[in-house]
Amino acid sequence: MAQHAVILPAAGRSSRFHDKYYKKPFAPLANRAVWLHSAERFLNRADVAQLILVIGREDRDDFNAKFASNVAILGIDVVEGGAQRSDSVEAALARVKPEAEFVCVHDAARPCLADVWIDHVFEAAEKSGAAILAVPVAGTLKRVKSDRRIEETVDRGDLWEAQTPQVFRREVLLEAYAKRNGFSATDDAQLVERIGHAVTVVLGSRANIKITTRDDLRLAEQAMKALPKPKFDGPIHPFADDDMWR
C-alpha cells in the first residue's frame, strides 16, 4: 500500500472571514474547529503516514493554548508557514517523512470531505503521478472590466473548478517546488502543470466547499450531514458519474 503524507495549509490571513475572534480554520463548526474536521478525514487511514498542519507564525501562541492537546493525542506535526500559500506548502514539504511516496495537499478550511472522494483521488494519483478533485463549472461566466461592465461571456464547456485534496507523487511535487522560482501559485496543481507533468482531474462534489466567509459555516454544517458515509466497494474511475458526487 502506497503511503501518503497529508499537508493541511492553515496559515492564511482569512481576510474575507471578518471575525475578530477566529481565523476560518480555527472557527468552531459542529462543536470542533474547522481544521480538525479536515484532519480527521485522514488520520485513521492506513495509507496516511503523516499529517502536517501549517499555521501562521502569528497564530502559534493562540494555537498552542487551544489545540496543543489535540496535536499531541492525534500525532500531528505543526509547522509555521510563509507569506503565500506556496511558501507554506514548501515549508511543510521539508518535513515530509521519507516513507511517504505521495504528498496530499488539502485546504484546512475544506471540512466537508468524504472518504470515497479521498479514495478516488489517491488511486488516480497513484496511477498517474498527479491528481486533483474538481467539478465542472455550472454557472455562466462573465469577463468583467475594471469599471464592472461585462466584456464577454466565457465558454464554460471545458472549465472546471479545482478543489482539494490534490495528490502528487513526492518527486513530482518536489521538482515543481524546486522550479517555482518565487512564482505564487493559487494551487499546487498549477506548479506541477508548469513543469509539464499532466494532472488528472477526478470528479469531486459541490458539497466539498471551502470556508471563506462566516455564512459558509452554516452551509458547511448542512453539507456535512449529507456526506456519503459508506466506502465505495466497486471499481474506482476518475470520471465516474454517480449521484453521490453531485
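Residue-level check: of (1) crowded, with 19+ Cβ neighbours inside 10 Å; (2) in contact with a His (Cβ under 9 Å, 6 or more places away or on another chain), Pro25 misses just (2).
Quick check: anything in the stretch 82-91 among the acidic types (Asp, Glu), out of contact with any Lys or Arg (no Cβ under 7 Å at 6 or more places or on another chain), surrounded by 14 or more Cβ atoms within 10 Å (Cβ to Cβ) and closer than 20 Å to Tyr177 by Cβ?
Kept after step one, since they are among the acidic types (Asp, Glu), are these residues of the stretch 82-91: 87, 90.
So of that shortlist, the ones also out of contact with any Lys or Arg (no Cβ under 7 Å at 6 or more places or on another chain) come out as 87, 90.
Imposing the further condition that a residue be surrounded by 14 or more Cβ atoms within 10 Å (Cβ to Cβ) reduces the set to 87, 90.
From what is left, the residues that are closer than 20 Å to Tyr177 by Cβ are 87, 90.
Yes.
Checked against (1) under 25 Å from Asp187 (Cα atoms); (2) touching a helix residue (DSSP H, G or I) at 6+ places or on another chain (Cβ under 7 Å); (3) among the aliphatic types (A, V, I, L, M), Leu74 meets all criteria but (1). Does the stretch 111-130 contain at least one residue that is closer than 21 Å to Met1 by Cα, assigned to a loop (DSSP other than H, G, I, E, B) and not hydrophobic (A, V, I, L, M, F, W, C)? Scanning the stretch 111-130, I find at least one residue that is closer than 21 Å to Met1 by Cα, assigned to a loop (DSSP other than H, G, I, E, B) and not hydrophobic (A, V, I, L, M, F, W, C), so the answer is yes. When each of Val192, Val167, Val135, Val202 is tested for being in contact with a Leu (Cβ under 6 Å, 6 or more places away or on another chain) and modelled with pLDDT of 95 or more, the lone residue that passes is Val202. Being out of contact with any Ser or Thr (no Cβ under 8 Å at 6 or more places or on another chain), part of a loop (DSSP other than H, G, I, E, B), of a type in the set (Gly, Ala, Ser) and surrounded by fewer than 23 Cβ atoms within 10 Å (Cβ to Cβ) is a description that does not apply to Ala68.
Taking only the stretch 96-121 into account, find how many residues are of a type outside the set (Lys, Arg) and surrounded by 22 or more Cβ atoms within 10 Å (Cβ to Cβ).
Start the filter on the stretch 96-121 by keeping residues that are of a type outside the set (Lys, Arg), which leaves 96, 98-109, 111-121.
Narrowing the set further to residues that are surrounded by 22 or more Cβ atoms within 10 Å (Cβ to Cβ) leaves 102-109, 111-114, 117-118, 120-121.
So the answer is 16.
Within the stretch 145-189, being over 22 Å from the mean Cα position of the chain (by Cα), basic (Lys, Arg) and more than 26 Å from Cys112 (Cα to Cα) holds for Lys145, Arg148, Arg149.
Just to check your reading of the model, which residue among Lys97, Lys145 is farther than 27 Å from Leu227 by Cα, in contact (Cβ under 8 Å) with a residue 60 or more places away in the chain and touching a strand residue (DSSP E or B) at 6+ places or on another chain (Cβ under 7 Å)? Give the derivation first.
Details: Lys145 fails: in contact (Cβ under 8 Å) with a residue 60 or more places away in the chain.
That would be Lys97, the only listed residue that is farther than 27 Å from Leu227 by Cα, in contact (Cβ under 8 Å) with a residue 60 or more places away in the chain and touching a strand residue (DSSP E or B) at 6+ places or on another chain (Cβ under 7 Å).
Criterion applied to Thr140, Thr213, Thr200, Thr153 was being of a type in the set (Val, Ile, Thr) and within 28 Å of His4 (Cβ to Cβ), and the one residue passing it is Thr200.
If the condition is being loosely packed, with under 13 Cβ neighbours inside 10 Å, in contact with a strand residue (DSSP E or B) (Cβ under 9 Å, 6 or more places away or on another chain) and either of a type in the set (Ser, Thr, Tyr) or modelled with pLDDT of 50 or more (or both), then the stretch 208-246 contributes no residue at all. Reported count of residues in the stretch 181-205, each being closer than 21 Å to Ala10 by Cα and either part of a loop (DSSP other than H, G, I, E, B) or of a type in the set (Phe, Trp, Tyr) (or both), is 6.
The values are calculated or read from the model by the stated rules, or taken from the named source; none is laboratory data. The structure presented is a predicted model; accordingly, all values stated were derived computationally and were not measured. With ideal geometry, Cβ positions are generated from the backbone for all residues, glycine too; neighbour counts draw on all protein chains shown.
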